[in-house]
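Below is one structure, written out as structure tokens; comments come after it.
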Amino acid sequence: MPKDAAVEEFARFVRALKARDGRSYEALGRRLNVSASTLHRYCSGATVPEEFGVVDRLALLCGADEEERRALEAAWSRADRTRRPPAPEGAPASMPATAPEAVSGSDPKPAPEAASAPEAASAAEPVLAPEAVPVPEVAAGSELEPVHARVPGLPSERRRRRWGWPAVVGGALAVVGAMTLGAVLLPGKARERAAQPPAPPPLTWTVSSHLWKNGCGHTYLVERTPPPPPEAADARRWATAQGAVHGGETLVRVSVQGKGAAAVVLQALHVRVVERDAPVPWAGYRMDDGCGGAVTPRRFEVDLDRQRPVARPLDGYDASGQEGRTLPAVSFPYAVSLTEPEELLVSAAAVRCDCRWYLELDWSSEGRRGTVRIGDEDGGPFRTSGAKGRPVYGYDSVGRAWITGEESGQGG
């Protein structure tokens, strides 16, 4: 692939991740420990990061799945190769590092023991040809130049300088690592096993994050006066079109189901806040004047203002009969399967922050275990902003206008 095409392909991947997340360069840069200008250069194709780790963290932060991360890594590898100068015509793809005696001694000839090293390096040549750069010749008494070959698993040249590694040690390790990698990547069953992606989790889920309490009560924070409130079924489309943010509380329903006959044990539910800002300074718009219901469903309650929010299970209550009854809270662990799904209702509240957050569900099944990250319908984080002290409006259906209502402590 031509140089410009490889870099642009990689930049498109990074731009797509940023667009999916919706945060600014500065906000994402803080999470990745890079400057906003550096992240912008990745997105524009002006720079390819030296290490894949920074864009892999970006992919995880933006909710990318395993397949997307593998495609991103392949694009980064192609773009990364374009930064290195081509090997001189006729030169071997890799050469052994010069022994310390060759650097400090008066005789520039290599020691006899090193005579077999080029043959060992050439054995790995078919694997390492795209990845290696020849070591420049060294005159007697001169200082050995650092080796710029990039070998997975070894520190980069920049980190070797930062850690104070001698150049000769870094060069020797680069060659040894390259030769070892060549042996590992020889065709065979081991290579086939390494190439196989990890098995997907044995469960699936769907998410609804624009629920209204008891089917009618909810507050959105909106920057400009919005159109009339929608029907509850159209809430997501309406909120997306207005750029609205959940005010004070977000209700999330997660329907979890196994993929096969084997039971999947759900071990725990965690809350992961990925970004905190001050509450947005927008007015609140109530979807109605409040409503009640005969059934309060069991749910998990989350206080997003806490430094480490937890999902606390709460009992529900059914008052529809002559004698009310308690609906026991969900207690972990419990099992789901293809024929026995489960619904988790999460009520997350915020007063002092504009929080972006995910749910993380621990599972185990048939000797395997793992954690799935659950975000909103588009795969991004949920978002909840405090609404305390904001003006709150209700809709007058007779006058067909938003009118001022009482201020709401939590916007709903």
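What follows is calculated from the coordinates using simple rules that are stated; it is not laboratory data. Bear in mind the structure is a predicted one, so any value in this text is a computation, not a measurement. A quick note on method: Cβ atoms are made from the backbone with ideal geometry, for glycine too, and the neighbour counts reach across all protein chains shown.
What the table below lists for this structure:
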| quantity | calculated |
| --- | --- |
| Packing-based order for 245-252, 325-332, using average beta carbon neighbours within 10 Å, highest first | 245-252, 325-332 |
| Hz values of 3J(HN,Hα) by residue in the range 296-307 - Karplus curve (6.51, -1.76, 1.60), Gly and Pro given as x | 9, x, 5, 7, 10, 9, 10, 9, 5, 6, 5, 4 |
| Mean Cβ neighbour count within 10 Å, used as a protection proxy, ranking 395-402, 21-28 highest first | 21-28, 395-402 |
| Tensor-based shape of the range 276-406 (alpha-carbon gyration tensor, a/c under 1.5 rounded, otherwise prolate or oblate) | oblate |
| Rg ratio (alpha-carbon, reference 2.2 N^0.38 Å) - the range 3-81 | 0.96 |
| Cα Rg, Dmax (largest Cα-Cα span) when computed across the range 243-285, Å | 16.9, 50 |
| Net charge over other residues, Cβ less than 13 angstrom from the Cβ of residue 311 (K, R count +1; D, E count -1) | +2 |
| Geometric extent, Cα atoms of the range 1-43 - Rg, Dmax (angstrom) | 11.1, 33 |
